[in-house]
1. In whole Hz, what ³J(HN,Hα) sequence does region A:168-183 give by Karplus (6.51, -1.76, 1.60; θ = phi - 60°), x for Gly and Pro?
2. Taking H placed 1.01 Å from N in the peptide plane, check which residues at least 5 places from residue B:81 or on another chain put their amide H under 5 Å from its amide H.
3. Which whole-number percentage describes the relative contact order of region A:72-226, with Cα contacts under 8 Å and a sequence gap of 6 or more?
4. Counting only DSSP beta bridges with both residues in chain B, what percent are antiparallel, rounded to the nearest 5?
5. Connecting C-alpha atoms closer than 10 Å in a GNM of chain A, tell me which of A:313, A:344, A:363 has the biggest fluctuation.
6. Expressed as a whole number of Å, what is the distance separating the alpha-carbon centroids of region A:21-56 and region A:270-307?
7. Would you mind estimating how fast region A:276-404 diffuses translationally, via Stokes-Einstein at 4 °C and 1.567 mPa s with the Kirkwood radius over Cα pairs, in µm²/s?
8. Out of residues 5 or more away from residue B:16 or on other chains, whose amide H comes under 5 Å of its own, with H placed 1.01 Å from N in the peptide plane?
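Read the figures in this text as sums done on the coordinates, not as results from a lab. None of the values given here were measured: they were computed from a predicted structure. Counting neighbours? That spans all protein chains shown, and the Cβs are built from the backbone with ideal geometry, glycine included.
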Amino acid sequence: MNKIFGVALGILAAIGGFVDIGDLVFDVEAVAKFGYQLLWVVVVGVVGIIVYSEMCGRVAAVAERPVFDAIRERLGFGLGLGALVSSEIVNLMTLAAEVGGVALVLQLLSGLPYRVLIALGIAALAVVIWVSPFEWIERIFGYGGLALLVFAVAAIKLHPDWGDVGYGFVPHMDTSEHLVYAYFAVGLLGAAMTPYEVYFYSSGAVEEGWGPKDLGINRANAMIGYGLGGFLSLALMITAGALFLPKGVQPQFIGTVPLGAQVPLGTIGLLLALLGILFAVGGAAIDTCFSGAYNVAQYFGWEWGKHRRPSGAPRFTIAWAVLLVLALLVIMSGIDPVMLTEYAVIFSVVALPLTYVPILLVANDRAYMGRYTNGRLANAFGLLYLVVILVVAVTAIPLMVVTNQGQG
Amino acid sequence: MSRPEELDLGLGLLDHQLVDSEGRRCGNVDDLELEGLDGDSPRVTAILVGPPVWRGRGWFGRLAAAVGRGRTVRVPWDEVDKIDAAVHLKKTASELRLGRGDDRARPWIEWLPGA
């Protein structure tokens, strides 16, 4: 039983990166614009996040150091504070957007007013976080999100042109809109490697008390968790392609996403899709809310963690509660959650190097990693992806501006 | 007591987590007090913790110190038990007057059921 539940952390962390509210729409939009041409980018992103999650999970297991500890240690007080502020802004934007997503899905299910459902959604999240142990939060949202596997069945039932799908895994650009293509590629990469995944993942590893004996579990979590996240993302894209491409539909709303499961599978498909989206988006809200509290606590050296009672880590507890309240205010202002996550993804890529460089440095520090220091393979991939991250970080905002957020 | 034979103060000590004798996280190494820098045997005499210390940590540090609340806490070097990824202390946080921000925040949530 424990083995089955053992990869919940990886799944929940990955769901936040691959199938949260922003991805759901971004993936479908990318397919509507370019067909299956961008599928390969998801694969590149999956490998990248596996490499860095494995690394930060290993550091957490061997040295009990979560990512923001490493950030402050390697970047120093000043630059570390810059990383903290930018990551908190992005965490809050994303959290607000996910809460909006939860409310939108609840609205599709219940028909109640959006703002009422925002308040209900926040209250439900607060109660779940307060009463559930970390392991149960992981399981509820991680495995609940797996209802999205309905999209894999839908993808097959919709009989996409598998030749086209296969060709999508070979990098190519069959369009005159080079910059828009580049914008979506950068956005998909940014979403796949979004920093709060590693904040949440490494702190979760400390929460679960991983030690050097758990390095196998760490590898399994990174590979299975993010592999599944990427798989779900691809299933969504293929479903969208099979359904919308022939009709020339340009989906812009979260409500169009579950149609991909409803058309081939009927009401059951629709319900599973909505349930999956609800847990995935709720899970992403938990990812970002916890990440925000972890980061600030680790930067300032406060006691932190769900493994403590709320009064055992009071400032950590207040931090996540404050984030929830701020997210409530942001999303109640009526801002479009989908647009908000798109901005959050693009801004988060600027913080990518500030997060991933310290992980790579610490994973190479023999002083406390000892024989678990990065090997050649981890370093080769780590450096390769560092180049990818730097390119993405430098180009993301210019591309967003010149392509008018991918509208061309 | 176990301490590494060689320690890079900048990388291996500064900005690291402080953990008290009961395993409670109680601040970070915000700065170090050094003695004998002009002589031939410089040594670390204390770990400094708290917002006022941030003033010495660059432009951002001065900004943060202006906003931060709390006093400087000086932890004499003799109170350090062991150094790995974190700095482990020989006494409890309250004995060393560390982690007081958490102590101040506790009453805010203690009254809630399940806290």
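1. Here the 3J(HN,Hα) series is x, 7, 9, x, 7, 10, 10, 7, 8, 8, 4, 5, 5, 4, 4, 4 Hz.
2. Result for residue B:81 returns B:88, B:89, B:90.
3. 15 percent.
4. Antiparallel bridges: around 80 percent, rounded to the nearest 5.
5. Most flexible of the set in this elastic network: A:313.
6. 20 Å
7. 74 µm²/s
8. B:29
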